[in-house]
Amino acid sequence: MVSRRHFLQQTSLMLGATLVSRSEAASIPEAALRDHAQTELPSLPAIGRPYNPVVTLNGWTLPWRMNNGWKEFHLVAEPVEREFAPGMTGHLWGYNGQSPGPTIEAVEGDKVRIFVTNKLPEHTAVHWHGMLVPNGMDGVGGLTQPQIKPGQTFVYEFELKKSGTFMYHPHADEMVQMAMGMMGLFIVHPKNPRFMAVDRDFAFLLAAYDIDPGTYTPRVSTMTEFNIWTFNNRVFPAIDPMVVSRGDKVRIRFGNLTMTNHPMHLHGHHFEVTGTDGGWVPKTARWPEVTVDVAVGQMRAIEFYADVAGDWAFHCHKSHHTMNAMAHGVPTMLGADTQDLTSQIRQASSGYMPMGATGMADMSAMNMALPANTLPMMTGAGPFGALEMGGMFTVLKVREGLARNDYRDPAWYQHPAGTVAHLVEDGLPAPTQSPKL
Ligand SMILES: [Cu+2]
């Protein structure tokens, strides 16, 4: 246990995460809470070292207070409700009212003190993924600290040695606690705000769940067959677009805490990987890409100039990860003649509808009656019709002349005349065979 006097010592760091006593608990900063999934606009820090804030897609940044040179944060691990998209909510575990937990933003060189209160029905511990911390602050329950029991508050103290993109998640009953949504981003900004500066800086986590249609709580023992694929626990079309001004230098940071890898693909631009959870990638070690695979437990930061106006898709390239729950477990009916079958089955079940005999594209336009609390397999209405996407998909919206802090959804792109692929109506030339040589 820490004594009050030790607590106020500014120069020494604690060697291990410690339990906070009852008398110390009175001085803990209030824990900020959220009950919605809207994207919080980035705000410049009012106190402490200056930095360029990130935009957490459908997320927010945890407020802090300064206490004699220490930045103090308060995370509360607790059961939460998270809306994946209107029509589907998960009963998850998270931090401070939401899952993922709030993004922690601080600056290289900062001394941070993070209080963690456990309101879960079982013990937990918080690991600071990728961060260089004293061993006793590493948050591996049983290995580097005692588990944080329900009702207890522990405190972590360390100095931020390196800037970059990191994550926090439990290292206690991991299979259950991560399958239930316990995770968050930890962004350490460079001490020099001009180093690696960009105009727009987006961040989110990749997370996946197995939630049967009609139910609310993820199956926690699922190993690979997940059915809800998310950016920051939102699925398309409920993931906010990434809105940028044409010419902006843009960074997108994504960490993968699912149980499989995700090839993340950007349309219309070439990017470079400029950061991993091990730090910034030197310029000489970068190469151009349009897709970068992010493995389990990895983070990647990509950068590019958004030089072409439009609505550009940004998504996981595994096509079953841009689908929602109802896509899974559907038999393949391609090529099957369902006419006879349909009338026979309808004698037993009047509402029967055959699906997929010519593909499944029409399912996104179909308003099928769904069980409670699930989402159609693919959905989203675009300016030209159904988008046929779900899950890990959003849109990079590049527009002319947006103000620096303007992230409002500018609606769909208005294409200049003559720049959209279109139907060929008449005047098709007759097919000709190339002359035999
Ligand atoms: Cu994927």
* Counting Lys and Arg as +1 and Asp and Glu as -1, each charge on the Cβ, what is the dipole of the chain about the Cα centre in debye, to the nearest 20? -> 1380 debye
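Using DSSP, restrict attention to beta bridges with both residues in the chain and report what percent are antiparallel, rounded to the nearest 5. The partial results should precede the final answer.
Details: 67 of 96 bridges.
The antiparallel fraction comes to roughly 70 percent.
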* C-alpha long axis of helix 339-348 to longest principal axis of the chain, angle in ° -> 60 degrees
* Asked: Sorted by average packing, counted as other Cβ atoms within 10 angstrom per residue and highest first, what order do 405-412, 48-55 take?
  -> 48-55, 405-412
* Charged-residue dipole, Cβ positions (Lys, Arg, Asp, Glu), region 32-190 about Cα centre, Debye nearest 20 -> 340 debye
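Below 8 Å, C-alpha to C-alpha, sequence gap of six or more: please give me the relative contact order for region 58-129 in percent. All intermediate terms of the calculation are to be shown ahead of the outcome.
Numbers: 116 pairs, mean separation 25.4, N = 72.
This gives 35 percent for region 58-129.
Label region 32-190 by shape, choosing from rounded, prolate and oblate, from the square roots a ≥ b ≥ c of the eigenvalues of the Cα gyration tensor; if a/c is under 1.5 it is rounded, and otherwise prolate applies when a/b is larger than b/c, oblate when it is not. Kindly include the intermediate steps, with their values, before the conclusion.
On the way: a/c = 1.81, a/b = 1.10, b/c = 1.64.
Oblate shape, in that a/c is at least 1.5 and b/c is the bigger or equal ratio.
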* Asked: Shape call for region 194-285 from the C-alpha gyration tensor, a ≥ b ≥ c root eigenvalues: rounded (a/c under 1.5), prolate (a/b greater than b/c) or oblate?
  -> prolate
* Asked: Nearest-5 percent of antiparallel DSSP beta bridges in region 66-216?
  -> 70 percent
* To do: Evaluate the relative contact order of region 32-190 (contact order divided by residue number), counting alpha-carbon pairs under 8 angstrom at least 6 apart; express in whole percent.
  => 23 percent
* Percent RCO, i.e. relative contact order, over the chain, from Cα pairs under 8 Å lying at least 6 residues apart -> 14 percent
* Structure fact -> Zone reached by a paramagnetic label modelled 7 Å from Arg404 Cα along Cα→Cβ, restricted to region 237-254 with backbone N below 15 Å, covers 245, 248-249
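Can you compute the helix-only [θ] at 222 nm over the chain? Use -39500 (n - 2.57) per DSSP H run of at least 4 residues, normalise by all residues, nearest 500 deg cm²/dmol. Present the calculation step by step, with values, prior to reporting the outcome.
Details: 4 runs with 25 residues, N = 437.
Per the formula, -1500 deg cm²/dmol.
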* To do: State the answer as a single residue: which of Ala295, Ala421, Val54 lies farthest towards the positive end of the charge dipole of the chain, with beta carbon charges of +1 for Lys and Arg and -1 for Asp and Glu, about the Cα centre.
  => Val54
* Asked: Between Ala25 and Met66, what length comes free when the chain is fully extended (0.36 nm per residue of separation minus the Cα-Cα distance, one decimal in nm)?
  -> 13.1 nm
* To do: Select from Val20, Gly382, Ala207 the residue farthest towards the positive end of the dipole of the chain; place +1 on Cβ of Lys and Arg, -1 on Cβ of Asp and Glu, and compute about the Cα centre.
  => Val20
* Structure fact -> The pairs in Lys71/Lys249; Lys71/Lys149; Lys318/Lys397; Lys162/Lys318; Lys162/Lys283; Lys191/Lys318 lying past 28 Å Cα-Cα in this model are Lys71/Lys249; Lys162/Lys318; Lys191/Lys318
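A short reminder: the numbers here are calculations on the coordinates, not readings from a lab. Keep in mind that this is a model prediction, so the values were computed, not measured. In this analysis, Cβ positions are derived from the backbone assuming ideal geometry, glycine residues included, and neighbour counts consider all displayed protein chains.
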